[in-house]
Amino acid sequence: MPFSRALRKRHSVLPGFDLALGFTLLYLSFIVLVPLSAAFLKTFTMSWPAFWDAVTSERVVASYRLTFGASLGAAFVNACFGLVVCWVLVRYDFPGRRLVDALVDLPFALPTAVAGIALTALYSGNGWIGRWLPFKVSFTPAGVWVALTFIGLPFVVRTLQPVLEDLQKEVEEAAAILGATRLQTFSRVILPILTPALLTGFALAFARALGEYGSVIFIAGNLPLISEITPLLIITKLEQYDYTGATAIAVVMLVAAFVLLLAINALQAWTRARQGR
Amino acid sequence: MTAATAARLQAPRRVGDATGEPTWVRRLLIGVALGFLTLFLFVPLAAVFVEALKKGLDVYWAAITEPDALSAIRLTLIAAAISVPLNLVFGVAAAWAIAKFEFRGKNLLLTLIDLPFSVSPVVAGLVFVLVFGLQGWFGGWLREHDLKIIFALPGIVLATLFITVPFVARELIPLMQAQGTEQEEAARVLGAGGWQIFFRITLPNVKWALLYGVILCNARAMGEFGAVSVVSGHIRGRTNTMPLHIEILYNEYQFAAAFAVASLLAGLALVTLVLKYVVERRIAAYGRPIASMEQSS
């Protein structure tokens, strides 16, 4: 295959390059790339004003505000508490540490619908947690934030963990010997080292929250203009057979996802550079 | 020099104190971390099982053995049984090409493999409706030939495939890159064929990471909600997977039944975490690096 020979940078004695790369590209095209391109091609059948109206109507803009706002809020809380959780798991020893460490991945393993109904039951007016709160959580925007916090929880912990484990004790000792207090060492020495990984975790949690659907729709209440997330609007339009309207909103979501993907790639490169790899 | 200063100089603070925190700070941080995790992780997990068994074992058993629930379980198992092996083959092929060879556009290919992680599940379902739905690209042709993809099993499998494409590849690529190509090249020089090299050298080297990727892929495939929800059509007893069945029960206020089916998936999640723990220890014991979880989800 001349095409693969053109791509190859260096000759290798190992066989199977053409087969493996060919299959990979074919599979990826059929399952991911061609279907995704359908969304963009579909919007090209719309006129520009029609597209603009579809993606900036009052109800859609309200859903952007909620989706982006709640995702940012959830990612921020996860960055703060994720740092504490990671610190405690890496630096301290306490009974049950291994169990807690293993359970941090629960949001990756638990189906979103299960998480959704469990959180809704807990935070409703007579739920275990909801009954102690002075304000409503289930069926309000606060509920959306709760669900997105759950979904994004492992990202910050798991991104920070390897960096914190690799952190050389010597730099902290040097800071202490030079007269820094522990708080100064943390804020001036440790935190700057952790920053790229912390931002990567934040961005990963944010990106995941933006597209989340399963856990949110149970707890949100889904009131138009108030607690309706953008992915739900896509489903609503589909159910009304408004395929172009649904696709237009989907393209906005896709563009946001691509931008975030690029940002995450850049952040990961920065993390690796900081770690000197 | 006063006696007090001399004593301080003779007994400098231990290094452990200088790079550690006071006990009360430790306790406070552990308390904050555990409090946060309890509120957002442990209590929701416990709630699933408590709510499921609230009305007794009879109601629980009835909820998971009624015909609609059984057909949802069957469909979920079938969809996973088709999509996980396909993504396993893809993951191995992609990892072989990326980890064992140098070629132009490798970083672009890596980004494309990660793409499904960034796409909203709802959008993933939507694009298959645009391609195979009645008004889609192939809608007319499929209808003429009496084939159904959307609102049927093939659509559910396609949506699941899209969502779970990266899992196996993402676990294998960093490990195989770290292992390099010396062993395979040695086998080649000694006269081994391609498949022989793969099955005798490469596969044994990555088997735990492979298993790990398959476990994660399977958990996501069985639990996927948004993408499957768009393409399934929610036909009770026909195109409902377990997560969709849970939604229907919940919206009909059959809370105990919804949580009963949910407890099965929560059990699957716990089994996944246990297997992941075991596999991670295996990989650590073999002294090999493993891709961190953030890349796999």
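Every read-out reported here was derived from the displayed coordinates using simple, explicitly stated rules and does not represent laboratory data. Computed from a prediction, not measured in an experiment: that's the story for all the values here. Positions of Cβ are backbone-derived with ideal geometry, glycine not excepted, and every protein chain shown enters the neighbour counts.
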Sort B:240-247, B:47-54, B:173-180 by packing, meaning the average of other beta carbons within 10 Å per residue, with the highest value first.
B:240-247, B:47-54, B:173-180
With r as the distance between the Cβ atoms of A:Arg65 and B:Arg282 and R0 = 45 Å, compute the FRET efficiency 1/(1 + (r/R0)^6) and round to 0.05.
0.45
Restricting to Cα pairs under 8 Å and 6 or more apart, the percent relative contact order of region A:41-138 works out to 9
By average C-beta atoms within 10 angstrom, highest first, the peptides A:20-26, B:208-214, B:108-114
B:208-214, A:20-26, B:108-114
Starting at the first residue of region B:106-117, write each ³J(HN,Hα) from the Karplus equation 6.51 cos²θ - 1.76 cosθ + 1.60 with θ = phi - 60°, in whole Hz, x for Gly and Pro.
5, 5, 4, 4, 4, 5, 5, 5, 6, 3, x, 5
Using amide H atoms built 1.01 Å from N in the peptide plane, name the residues 5+ places from B:Phe103, or on other chains, whose amide H lies under 5 Å from its own.
A:Lys9
Size of the dipole of the protein assembly as shown about the Cα centre, Lys and Arg at +1 and Asp and Glu at -1 on the beta carbon, nothing else charged, in debye to 20?
1240
Take peptide B:101-109, look around each residue's Cβ out to 10 angstrom, count Cβ atoms belonging to other protein chains, and average those counts.
5
Amide H contacts of B:Thr239 (H built 1.01 Å from N, under 5 Å, at least 5 apart or other chain):
none
Surface/4 of the Cα convex hull for region A:1-150, nm²
17.2
Can you work out the Karplus-derived ³J(HN,Hα) for every residue in region B:50-64? Use 6.51 cos²θ - 1.76 cosθ + 1.60 with θ = phi - 60°, whole Hz, and x for glycine or proline.
5, 5, 5, 9, 4, 9, x, 5, 4, 5, 4, 4, 4, 5, 8
Considering the Cα trace of region B:99-145, what is its radius of gyration and what is Dmax, both in angstroms?
16.3, 46
Hey, how much of the P(r) for chain B falls beyond 24 Å, as a percent of Cα pairs?
65
If Lys and Arg each add +1 and Asp and Glu each add -1, what is the summed charge of the other residues whose beta carbon sits under 12 Å from the beta carbon of A:Ala113?
-3
Relative contact order, percent, of chain A when contacts are C-alpha pairs under 8 Å separated by at least 6 residues?
27
Could you work out the mean projected area of the convex hull around the alpha carbons of region B:147-297, in square nanometres to one decimal?
11.5
Once you keep just the Cα pairs under 8 angstrom separated by 6 or more residues, what percentage relative contact order results for chain B?
29
For region A:35-50, Karplus couplings with θ = phi - 60° (6.51, -1.76, 1.60), whole Hz, Gly/Pro x
x, 5, 5, 4, 5, 5, 4, 4, 6, 5, 6, 8, 6, 4, x, 5
Given the C-alpha atoms of chain A, compute the convex hull and give its volume per residue in Å³.
212
So what's the net charge close to B:Tyr60: Lys and Arg +1, Asp and Glu -1, counting the other residues with Cβ under 15 Å from its Cβ?
-1
Please average, across the residues of B:272-280, the number of beta carbons from any other chain that are within 10 Å of each residue's own beta carbon, and give a whole number.
3
In which sequence would A:Thr195, A:Thr200, A:Thr181 go, from the one with the fewest C-beta neighbours within 10 Å to the one with the most?
A:Thr181, A:Thr195, A:Thr200
Which value, in debye to the nearest 20, describes the size of the charge dipole of chain A about its Cα centre when Lys and Arg Cβ atoms bear +1, Asp and Glu Cβ atoms bear -1, and nothing else is charged?
520
Checking A:Ile249, A:Ile229, A:Ile31 against a Gaussian network model of chain A (alpha-carbon springs below 10 Å), the top fluctuating residue turns out to be A:Ile31
Dipole check, region A:83-165, charges on Cβ (K,R +1; D,E -1), about Cα centroid: among A:Pro107, A:Val85, A:Val144 the Cα furthest to the positive pole belongs to A:Val144
Counting all Cα-Cα pairs in region A:116-175, those more than 18 Å apart amount in percent to 53
